[in-house]
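The structure appears right after this line, and notes come after that.
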Amino acid sequence: MFKSLSLRNIGVDQICQHSFFKTLNKDSIVVDFGANGGAFSHAIIKRYGCRVFSAEPVPELVRKIDQHPSLTLQPVAISGMNGTMRINIYPDRCPSAFDRYEREGLVEAIDVETVTLEEFRRRCGIEAVDLLKVDIEGSELDMFLSVRREELSDIMQISVEFHSFIYPDTLEKVRIVKNRMRKIGFRVIDFSLNNTDVLFVNRRASVGVSHIFWAATVLKYCRGIRRRLRRLVGQSA
């Protein structure tokens with residue numbers, strides 16, 4: 001799986017606002033935590049032809065995910081422990097375990113099963129992971145702060161949307177997670193200004209230091225310039 005690659009043409013892909021290096025192929029294994037309606041999972045399958053294992057706990061969203069021979073879906077939430085959690089469903093925003101929105105917008109609250117990264121991999125029979133995408137509405141902190149470092153050692157890339165832009169009091173925990181990932185052996189690239197597109201790259205991955213530097217500087221700031229230009233054009237229209 002993690003064969004050495006010709007690095008000259010490795011670039012960065014972005015799907016559903018999650019950035020990662022284009023080291024995937026038809027033999028890769030991708031894990032999608034927070035599948036929502038399945039857009040990320042199906043885009044990965046279409047673009048790279050590889051196998052995807054996804055987790056989505058909300059029944060209404062699970063029903064929206066189209067079946068595919070290359071997609072295995074588990075109707076569970078990912079957290080720092082195996083058990084249950086209450087998820088709040090809102091009409092105009094993503095479901096969340098954080099009960100911090102105004103109650104008047106709440107549609108319902110449901111209890112769902114939670115599993116750890118380790119338990120999810122055990123259930124699906126996953127050995128090594130080429131790309132893990134994490135968008136689990138704040139529960140990513142529990143997952144990262146509790147997972148064993150051995151469980152992360154054979155994951156080559158992790159693309160995360162942290163939710164400190166919604167919950168600013170979690171910024172310190174996000175910083176702790178980033179520092180822990182560096183100590184474990186990951187390089188950290190934040191493509192965003194608010195932790196919404198953070199990439200952890202395993203030092204064992206087939207990605208050179210020059211590519212890390214290019215992505216963290218040239219690509220990141222070029223994207224920032226494009227975003228500002230689009231805003232300026234929109235304001236002047």
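The values are calculated or read from the model by the stated rules, or taken from the named source; none is laboratory data. What you are looking at is a predicted structure, and each value in this text was computed from that prediction instead of being measured. Neighbour counts run over all protein chains shown; Cβ positions are idealised from the backbone, glycine included. Only protein heavy atoms, including side chains, enter the accessible area calculation; ligands, DNA and RNA are left aside. Shrake-Rupley method; radii C 1.70, N 1.55, O 1.52, S 1.80 Å.
Some points to look at:
- All conditions but one from (1) at pLDDT below 95; (2) open to solvent by 40 Å² or more (accessible area, probe 1.4 Å); (3) touching a Ser or Thr at 6+ places or on another chain (Cβ under 6 Å) apply to residue 51; the one that does not is (1).
- Residues in the stretch 182-191 that are in contact (Cβ under 8 Å) with a residue 24 or more places away in the chain and out of contact with any strand residue (DSSP E or B) (no Cβ under 6 Å at 6 or more places or on another chain): 2 in all.
- When 194, 179, 202 are checked against the criterion of being surrounded by fewer than 17 Cβ atoms within 10 Å (Cβ to Cβ), touching a residue at least 24 places away in the same chain (Cβ under 8 Å) and among the polar types (S, T, N, Q), 194 stands alone in meeting it.
- In the stretch 22-42, the residues that are outside any loop (DSSP other than H, G, I, E, B) and either touching a Ser or Thr at 6+ places or on another chain (Cβ under 7 Å) or open to solvent by less than 10 Å² (accessible area, probe 1.4 Å) (or both): 30, 31, 32, 33, 40, 41
- Among the residues making up the stretch 140-159, a single one is open to solvent by less than 20 Å² (accessible area, probe 1.4 Å) and of a type in the set (Gly, Ala, Ser): 159.
- Residues that are buried (at least 16 other Cβ atoms within 10 Å of the Cβ) and assigned to a helix (DSSP H, G or I), drawn from the stretch 207-222: 211, 212, 215, 216, 219, 220
- Selected residue [closer than 20 Å to residue 18 by Cα and either crowded, with 21+ Cβ neighbours inside 10 Å or among the acidic types (Asp, Glu) (or both)] from 119, 108, 127, 137: 137
- Every residue from the stretch 160-170 that is surrounded by fewer than 20 Cβ atoms within 10 Å (Cβ to Cβ) and either free of Cβ contacts under 8 Å to residues at least 12 places away in the same chain or within 20 Å of residue 130 (Cβ to Cβ) (or both): 168, 169
- Taking the criterion of being of a type in the set (A, V, I, L, M, F, W, C) and either open to solvent by 70 Å² or more (accessible area, probe 1.4 Å) or in contact with a Ser or Thr (Cβ under 6 Å, 6 or more places away or on another chain) (or both), the residues of the stretch 54-76 that qualify are 71, 73.
- Restricting the first member to the stretch 18-35 and to residues that are closer than 22 Å to residue 208 by Cβ, and the second to residues that are polar (S, T, N, Q) and modelled with pLDDT under 95, the beta-carbon pairs closer than 7 Å and six or more apart or on different chains are 23/206.
- In the condition set (1) in a strand (DSSP E or B); (2) surrounded by 22 or more Cβ atoms within 10 Å (Cβ to Cβ), residue 188 is compliant with all but (2).
- Residue 12 at pLDDT below 85 and either over 22 Å from residue 206 (Cα atoms) or open to solvent by less than 40 Å² (accessible area, probe 1.4 Å) (or both): no
- Note on the stretch 49-150: enclosed strands (runs of 3 or more DSSP E) holding 2 or more residues that are aliphatic (A, V, I, L, M) and closer than 22 Å to residue 176 by Cβ are 129-134.
- Test: residue in the stretch 194-206 that is within 21 Å of residue 158 (Cα to Cα), at pLDDT below 90 and not in a loop (DSSP other than H, G, I, E, B): no
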